[in-house]
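Shown next, in structure tokens, is the structure this report addresses.
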There are 2 protein chains.
Amino acid sequence: MSQATASRAATARRGVGVPKARADAARNRERILHAAREAFVAHGAEASLDEIARSAGVGNATLYRHFPDRDVLVHGVMHFVTDRIVELGEQALRESAEPFEALACFVRGAAEERIGALCPMLSDRFDPDEPENLASRRRVEQLTQELLRRGQEAAQVRADIGVGDVMVALSQLTRPLPGVRCGQLDRFTARHLQLYLDGLRAPAPSRLPGHAATLEELRPDD
Amino acid sequence: MSQATASRAATARRGVGVPKARADAARNRERILHAAREAFVAHGAEASLDEIARSAGVGNATLYRHFPDRDVLVHGVMHFVTDRIVELGEQALRESAEPFEALACFVRGAAEERIGALCPMLSDRFDPDEPENLASRRRVEQLTQELLRRGQEAAQVRADIGVGDVMVALSQLTRPLPGVRCGQLDRFTARHLQLYLDGLRAPAPSRLPGHAATLEELRPDD
DNA sequence: CTCCAACCGGAGAGCTCGTCCCCGTTTTGC
DNA sequence: GCAAAACGGGGACGAGCTCTCCGGTTGGAG
């Protein structure tokens, strides 16, 4: 996301008339979001807030000042990640000539942006019907849908997969495995994503069990 | 694993001269191992023991009687899973004519046996040099190696992957995603495994980054 | 069938860890 | 240079986890 776009989005979310945050406050807010993103990917939505503050290099009070409770932080990370993912997807649609390559770019980028952190989106701690959340999910879903559709129409992506297949597998493959040093695991992640992507190519060499699903179907209260 | 084999293995581990356990005790031990396996896959080696006892349908005291502390339980689950995986792999080698199909059978079976529970094998809580642990890891590794080698020699499996690629991805793809109901996720797991397997087929449609790794390289103290 | 040793499970003590607030100190921007 | 805003360390409080104690129950040998 460009600096200007980010700034506009931030202003929009803060609302009008609210005084601009001080420079150090903005910087800390950003640091906390990054740290929280990593923590949520690694430990789920119940990661320790003190731990997040520590790895962000700020005091715990600073975290609580920016995000009064856990839910606010979860939502903050959610929208932070969603914004970046959407930007990424639009860029992939815009710049990649080959539909499969566009999907691959998106997948690799989404992995870097820790799309796995969106899994709290599917948790109890998250109201799926709140308008802003609904909009976030829809945006990511439609974007992925579009990338898939193009690939499938060009017969570069197998026809029997859906949005849910991409999103869920992507989340799984990029999560740290407990007990493995992160550095070690990152070396694997890129390989596994590539292997998975290779499995998505058309023509399909096998028949998949079950059926493709949307993100909607993954909601806990189904 | 056959009943007889399981019994022999159990006797071997219990040692000679120790009186046979009562039927209900043996049954509870088994239940606890199953529950602990699920919990370790879901939450890593630090899963709550009381929670394990509850989902096993036994009192917590029963758990502590069978497994005096967490380490003993971790080891118990480890060897329980290892035994089943090895049996599975040997069966796949024995019964499948096609090398790729053998690998696929093994992978699917290992997923059912929650091979992801072996990730504590890579954790701090685990002495990788203790002879029995070393042997377990070696057995699984050699078996997977052999399945891979056959597939690769028959040019059915791409040449640029290693044991670590299979084991790690398998663990990741079969782990429950936090916030997703298990029932929902199981439907996906089979699909994703198949997609990943399709990515393993020869000829390789892409070049993988990095290099194949053994389980040895995944040890935390590298 | 009877009996007792082995086993079981609930309840609770002790402790660790996570959450959240208070307040003296530092930083920012005008 | 100063006032307002933000910072961070420390600590009270509570939740949850580990592990133990003990009265009741069950399996199976004789």
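Can you tell me which of B:Ser136, B:Ser123 is facing chain A (nearest Cβ under 7 Å) and under 18 Å from the mean Cα position of the chain (by Cα)?
Values: B:Ser136 fails: facing chain A (nearest Cβ under 7 Å).
Within the list B:Ser136, B:Ser123, the selection yields B:Ser123.
Just one of the numbered conditions (1) closer than 23 Å to B:Pro209 by Cβ; (2) in contact (Cβ under 8 Å) with a residue 40 or more places away in the chain is not true of A:Cys105; which one?
(2)
Counting only residues that are at the interface with chain B (Cβ under 7 Å from one of its Cβ atoms) and of a type in the set (A, V, I, L, M), which one in segment A:183-196 is farthest from the chain's Cα centre (by Cα)?
As a first pass, look at segment A:183-196 and keep what is at the interface with chain B (Cβ under 7 Å from one of its Cβ atoms): A:184, A:187-188, A:190-192, A:194-196.
If we keep only those that are of a type in the set (A, V, I, L, M) too, we end up with A:190, A:195.
Working: A:Ala190: 16, A:Leu195: 20 Å.
Among them, the one singled out is A:Leu195.
So A:Val168 passes all but one of these: (1) within 7 Å of another protein chain (Cβ to nearest Cβ); (2) part of a loop (DSSP other than H, G, I, E, B). Which condition number does it fail?
Unmet for A:Val168, out of (1) within 7 Å of another protein chain (Cβ to nearest Cβ); (2) part of a loop (DSSP other than H, G, I, E, B): (2).
Does B:Arg114 satisfy the criteria of being in contact (Cβ under 8 Å) with a residue 60 or more places away in the chain and either of a type in the set (Phe, Trp, Tyr) or within 13 Å of chain A (Cβ to nearest Cβ) (or both)?
no
Give all pairs with beta carbons closer than 6 Å in which a residue from segment B:46-74 that is within 14 Å of chain A (Cβ to nearest Cβ) and more than 8 Å from DNA strand C (Cβ to nearest atom) meets a residue that is in a helix (DSSP H, G or I) and open to solvent by less than 50 Å² (accessible area, probe 1.4 Å); count only pairs at least 6 apart in sequence or on separate chains.
B:Ala47/B:Ala39; B:Ala47/B:Phe40; B:Val74/B:Ala45; B:Val74/B:Pro120
Could you tell me whether any residue of segment A:33-42 is over 30 Å from B:Pro209 (Cβ atoms), more than 14 Å from chain B (Cβ to nearest Cβ) and within 12 Å of DNA strand C (Cβ to nearest atom)?
For segment A:33-42, residues over 30 Å from B:Pro209 (Cβ atoms), more than 14 Å from chain B (Cβ to nearest Cβ) and within 12 Å of DNA strand C (Cβ to nearest atom): absent.
Step by step: first the residues of segment B:21-71, then only those that are outside any helix (DSSP H, G or I) and near DNA strand D (Cβ under 8 Å from one of its atoms), then the one that is modelled with the lowest pLDDT. Which residue is that?
Selected residue: B:Arg22.
On the given criteria, is A:Arg108 more than 16 Å from DNA strand D (Cβ to nearest atom), within 14 Å of chain B (Cβ to nearest Cβ), open to solvent by 30 Å² or more (accessible area, probe 1.4 Å) and out of contact with any Pro (no Cβ under 8 Å at 6 or more places or on another chain)?
Details: more than 16 Å from DNA strand D (Cβ to nearest atom): yes; within 14 Å of chain B (Cβ to nearest Cβ): yes; open to solvent by 30 Å² or more (accessible area, probe 1.4 Å): yes; out of contact with any Pro (no Cβ under 8 Å at 6 or more places or on another chain): yes.
Considered against the rule, which asks whether it is more than 16 Å from DNA strand D (Cβ to nearest atom), within 14 Å of chain B (Cβ to nearest Cβ), open to solvent by 30 Å² or more (accessible area, probe 1.4 Å) and out of contact with any Pro (no Cβ under 8 Å at 6 or more places or on another chain), A:Arg108 comes out as yes.
Among the residues of segment B:86-101, is there at least one that is more than 14 Å from chain A (Cβ to nearest Cβ), within 14 Å of DNA strand D (Cβ to nearest atom) and surrounded by fewer than 18 Cβ atoms within 10 Å (Cβ to Cβ)?
Residues of segment B:86-101 that are more than 14 Å from chain A (Cβ to nearest Cβ), as a first pass: B:86-97, B:99.
Remaining after also requiring within 14 Å of DNA strand D (Cβ to nearest atom): none.
Among the residues of segment B:86-101, not one is more than 14 Å from chain A (Cβ to nearest Cβ), within 14 Å of DNA strand D (Cβ to nearest atom) and surrounded by fewer than 18 Cβ atoms within 10 Å (Cβ to Cβ), which makes the answer no.
The values are calculated or read from the model by the stated rules, or taken from the named source; none is laboratory data. Note that the coordinates shown come from a computational prediction; the quantities given were computed from them, not determined experimentally. Neighbour counts are summed over all protein chains in view; Cβ atoms, including those assigned to glycine, are modelled from backbone coordinates with ideal geometry. Only protein heavy atoms, including side chains, enter the accessible area calculation; ligands, DNA and RNA are left aside. Shrake-Rupley method; radii C 1.70, N 1.55, O 1.52, S 1.80 Å.
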